[in-house]
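Scroll down for the structure; my scribbles are underneath it.
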Amino acid sequence: MRPYLIVFAVSGFASFLLTPLCARLAVRLGAVDRPNDRKVHARPTPTLGGLALFGALLVGGLVAWSLPAFGDLFRTSSELAGILIASLGVVILGVVDDVRVLSASTKLAGQIVAAGVLVLAGIQFFYLWLPGIGLVSFSTDVSALLTVLWIVALVNAVNLIDGLDGLAAGVSTIAAVGFFAYAYQASNGVPTTATLLPAIVAGACLGFLRYNFNPARIFMGDSGAYLLGLLLASATVSGVGRTTEPQFADTAGLIVPVLVPAIVLAIPLADAGFAILRRVRGRRPVFHADKRHIHHWLLEMTSSHRRAVLVMYLWSAMIVGAALALALGAGLAGRGTAVGLLAALVGTVLVVPRILRRGREGASARGSSVGLDRET
């Protein structure tokens, strides 16, 4: 565990140091996100935070390469080289889009190319163990198609939730920590791409959050959202795409190992799915932006960036905790913990919005009362 902690800490420190530099660079290049009727921030804010996250990836990767614990991983696998090339590609794509707006088709084409690089590097869903069915092997074509679809979906899912200060970075941190715990247990502590990448992602995001949490001094931009989505997708494909029959004693929780990535990343994936359905029903382009995401709904009820983001953090953490309890817990204890967390999650989904709505209505009523007093 110590090598992972070192990589985590170094990645976080690198992100913390690089982010202010990237903010200054963004201002010089004119990569500044200005308020409009579709945005929720009130002042011009530099973007290009993705460059700081990419720098943290490079630094964390170099430190991991220098540590003996990860020596075999770098010597025997082409995955990390492919991830580096694909990451550079999506960061460049995102930076260009942040400076000069690209069409949706151009961005999608760039994402597919980056996903293709990962496939060529060996990051693919070769086969999966499905509960009740057994080991399912995919042909080369099907494997490549499934991998590309998953990577592109996750890249855009992270991008879609990047609508409030600190939301995408925080949810990505929670997802990375959750998947690291699963992958570390599944690999019996042997260093893999699926364990190294989440450690780097979690550290980089935490260092970046110092400047990105409300009130944000910098946004990650498309470059950062694309990068985080790509790295999380790479880790999940590497972690479950070669999975044979699970080694855990309790496989009754049907999520081992196939559904773990989807559950750990449930909120961004669900938000993306709802957005696509909403736009298709409204006969609008799939990539047409709107202000009807889950976080916009919470923001409307709370009138507070921080409260809305913290509620999303809470929901993400509870989903991740339930997934880990079901996947790694033993017998009834694991299932009981998972059921308890899911019940608590349902309770908060039903109760928290009402509490927030009442608080907002009460604040509005007090404000109206004060206004009347002043008039009299």
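Only the coordinates and a few stated rules stand behind these numbers; no lab work does. Bear in mind that the values here come from a model prediction, so they are computed numbers and not experimental data. Virtual Cβ from ideal backbone geometry, glycine too; neighbours counted across all protein chains shown.
Figures for the structure shown
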read-out	value
Net charge of neighbours whose Cβ lies under 12 Å from the Cβ of Val119, counting Lys and Arg as +1 and Asp and Glu as -1	-2
Rg to Rh, two decimals, where the stretch 58-124 supplies the alpha carbon set and Rh follows Kirkwood	1.10
Karplus-derived 3J(HN,Hα), 6.51/-1.76/1.60, for each residue of the stretch 78-84, Hz, glycine and proline x	9, 4, 5, 5, x, 5, 4
Additional length obtainable on full extension of the chain from Asp141 to Thr76, 0.36 nm per residue less Cα span	20.9 nm
Per-residue ³J(HN,Hα) for the stretch 16-33, Karplus 6.51 cos²θ - 1.76 cosθ + 1.60, θ = phi - 60°, Hz, x for Gly and Pro	4, 7, 7, 4, x, 5, 5, 5, 5, 4, 4, 5, 5, 7, x, 7, 10, 8
